[in-house]
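Following: one structure in structure tokens, then a few remarks.
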Amino acid sequence: MAMDPTSLKQLKTRRGINYSYFVSTGQPSSLTLLLLHGFPSTAYDWHLQPLDPLLYKQSEMSKDIIDILDAEDVEKAIAIGHDWGCALVSRLANYFPERFLAFAFLAAALAGTKQVLGYEAYGYWEFFVRDEEADRIIKDHWESFFSLLYPSDPGSIWRTHLCPRGGIKAYLLSGDIAPSPSYLTETDKNAISTAVLTSGLKGAFNWYRIMLDGIADSDDKQIPESRRTITQPVFFGAAKRDYVCVPALALARMKEFCPDLTVKEFDLGHWVQLEAPDEVNCELAAWIQGVTKAKL
């Protein structure tokens, strides 16, 4: 999971936001892949995350990403998102379709009610946003929090302790530590822990705050109706054992707005790219190859 520190770059975008990002250089003629991570994943660390939730409006963040592509002289790319990164990929498709050949979504979220899912799925959002002690509690009980994010049995742990209202706080304060999955190494754990614990998660919580405070809904109203359909090729990696980003909900929306849709199901949990990287990369590579051939 560790990135080569020599490939780290910094950029202040036109709206004055500092971004850190990694660049892996290929052949001059190589296709550019734009990889956008979600919560609590990080390309480096969270120490430059702004605390103002209005700065997380995805219409504005999409402009920041275009600034990065411009700085790297990338005319067109294929955008690949995971978790909250999928939300940003969606806005890139809405606002800047001319800059992308295609879009891929892994573990894409679409909020579902308890009546639809049979269980409450987003109770932890309220803890992140409404509990003023959330950041401190997570730091003080990091081992419990980490085990909750990356459990060996997400079906049981997430539906019992992450998703219900009040569940995550009770779990953290109990000090319980769930068994770790076999795919996560100590190196992985140390890299994630060091990055996230450097300055906490207050900035990252704004991904959830813009949803609960209505900022995202208000922001999305400005998307032109003509831009809501994604005409480029779209890949959806459906994680069948993801109990938060439930694939059936996202798939229904994608079928409506993505006419050129490729769906690949993975019998995996939320962290598909960590759990089975070879399988996921193989499917993505095959799809990308098909996209590029069609564009020739």
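Considering only residues that are touching a His at 6+ places or on another chain (Cβ under 9 Å) and of a type in the set (F, W, Y), which ones fall in region 163-198? Selection gives Y171 alone.
One residue alone among V244, V280, V263 is part of a helix (DSSP H, G or I) and not polar (S, T, N, Q), and that residue is V280. Among the residues of region 210-241, the one identified as surrounded by fewer than 16 Cβ atoms within 10 Å (Cβ to Cβ) and in contact with a strand residue (DSSP E or B) (Cβ under 7 Å, 6 or more places away or on another chain) is K240.
Can you find a residue that is at positive phi and either touching a helix residue (DSSP H, G or I) at 6+ places or on another chain (Cβ under 9 Å) or not polar (S, T, N, Q) (or both) anywhere in region 125-140? Taking every residue of region 125-140 in turn, none turns out to be at positive phi and either touching a helix residue (DSSP H, G or I) at 6+ places or on another chain (Cβ under 9 Å) or not polar (S, T, N, Q) (or both). Screening I177 on (1) surrounded by 13 or more Cβ atoms within 10 Å (Cβ to Cβ); (2) part of a helix (DSSP H, G or I) shows it passes everything except condition (2). Would you tally the residues in region 143-174 being more than 25 Å from T187 (Cβ to Cβ), of a type outside the set (A, V, I, L, M) and touching a residue at least 12 places away in the same chain (Cβ under 8 Å)? Qualifying residue count, region 143-174: 11. Of the listed requirements (1) at negative phi; (2) modelled with pLDDT of 90 or more, G214 misses just one: (1). For region 36-81, the set of residues classified as at pLDDT 90 or above and acidic (D, E) consists of E60, D64, D67, D70, E72, D73, E75, listed by residue number.
The values are calculated or read from the model by the stated rules, or taken from the named source; none is laboratory data. Small disclaimer: the values here were computed from a predicted structure and weren't measured. Neighbour counts run over all protein chains shown; Cβ positions are idealised from the backbone, glycine included.
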